[in-house]
1. Quick one: Arg72, Arg229, fewest Cβ neighbours within 10 Å first, how do they rank?
2. Which one, Val192, Pro207, Val247, is farthest towards the positive end of the dipole of segment 181-256 when Lys and Arg carry +1 and Asp and Glu -1 on their Cβ?
3. Run the dipole for the chain about the Cα centre, Lys and Arg Cβ at +1, Asp and Glu Cβ at -1, nothing else charged, and hand back the magnitude in debye, nearest 20.
4. With each label point set 7 Å from Cα along the Cα-Cβ vector, what nm distance links Leu169 and Leu51?
5. Check the straight Cα-Cα distances from Lys156 and name the aspartates and glutamates below 12 Å, setting aside those fewer than 8 residues away within the same chain.
6. Within 10 Å of each residue's Cβ, count the other Cβ atoms and sort Asp83, Asp254 from fewest upward.
7. What is the spin-label model distance, in nm, from Arg276 to Lys243 if the labels are put 7 Å beyond Cα along the C-beta direction?
8. Give me the percent relative contact order of the chain, please, defined on Cα pairs under 8 angstrom at least 6 residues apart.
Amino acid sequence: SGKLTVQDIQGFKGRRKITMLTAYDYPMAHAIESAGIDMILVGDSVANVVLGLESTKDMTMDQMIYHACAVRRGAPHTFVIGDMPFEAYQKDAARSAGNAARFVHEAGCDAVKLEWFDCALEAAESVIRSGIPVMGHVGLTPQTADKLGGFKVQGKDASAARALIRQALDFEKVGCFAVLLECVPDRVARLVTETLSVPTIGIGAGPSCDGQVLVTHDMLGLFERYKPRFVKAYARMNQDMIKAFEVFKDEVRDGKFPADEHIFKIKEEEFKNIRR
Ligand code: KIV
Ligand code: NA
C-alpha cells in the first residue's frame, strides 16, 4: 500500500482512529511499518529512552537527522514526522523553516512537529509557508516543562483549559495539519477534538482524540526507568532481553554455545596441510 498523505490522515477524523508510534532506528521503524501503523514520529524522546539523557532539550538537529535517516530507511512507505528539537526553533524562531527543511531534504520526512511556546505560532507559520506540514503539540510540552511546573497534567482548571484550547485553535488557524495533546484531562481533550477540524493525536489525553501515540520503548517495556500512568505495556522486552543475555552467558560458560550448526568446517585434507 502507498504512503499516506496529509489529506488521507485528515480524512480519518470522525471515520476511524489514527495510530502513531515513535521510532529512532531502522529495525524499530521496519517493525512499525510492517504492523501497518499510520504515522511514525522520530521523537526527541530518543534523548530519554535511547540516549539516557535527562531532558529532551539536549537533542541537537544533527542528532535528530541521524535518527530520522535511519527511520526512513526502515519505513520507506510510512508517513514520518521529524520532531523539531529545542535548538531548532525555540532559541530563534527565524531558524524554524531552515531546520524543518533539513528533516525533509536530508532525512526524507513528510512533516515536522513542534511544541507550544511563546513564539510557537511564528515558528509554525514560517515552516508551513515554506511548504512543510506541521503538527502542533500542546498540553505537557517537555521542552518547556520547567515553565509548566514539571511533568504534570495540563489544563486542569477552567482558565488553563481555555488557554490550551486557544493554543490548539491557533495552531489550526496558522495551518497545522494536526494537533498533538499530551497529558490533558479526557473531557478537555474531547472538547479540543470536537472544536478542531484537524485531527487530534493524544498521549495521556483519553479515548476521544482522533488518534493515539505512545513512545515505543515505553509500550514495549524496553525502557522502564519511569512509567507514566498513560503508558500501557504491550510487552516486557527489557525482561526478555535480560533473560536472553543470561541464557547466552550460561551457554557460553557451559560450552553449549556455539553448537554444531553455528560452526564453519575445513576439509580434513586442508587441515592436515596447515602444519606441513
Ligand atoms: O518525543 C516524543 O516521543 C513525543 C511524544 C509526544 C510522543 O513528542
Ligand atoms: Na517530543
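1. Arg229, Arg72
2. Toward the positive end, the furthest listed residue is Val247.
3. 380
4. In this crude spin-label approximation the distance works out to 3.7 nm.
5. Asp186
6. Placing the least packed residue first, the sequence is Asp254, Asp83.
7. Each label point is offset 7 Å from its Cα along the Cβ direction, giving 5.2 nm.
8. 15
Read-outs: derived from the displayed coordinates by stated rules, not from any lab. Given the structure is predicted, the values throughout are model-derived calculations rather than measurements. Reconstructed Cβ throughout: ideal geometry from the backbone, glycine too, with neighbour counts over all protein chains shown.
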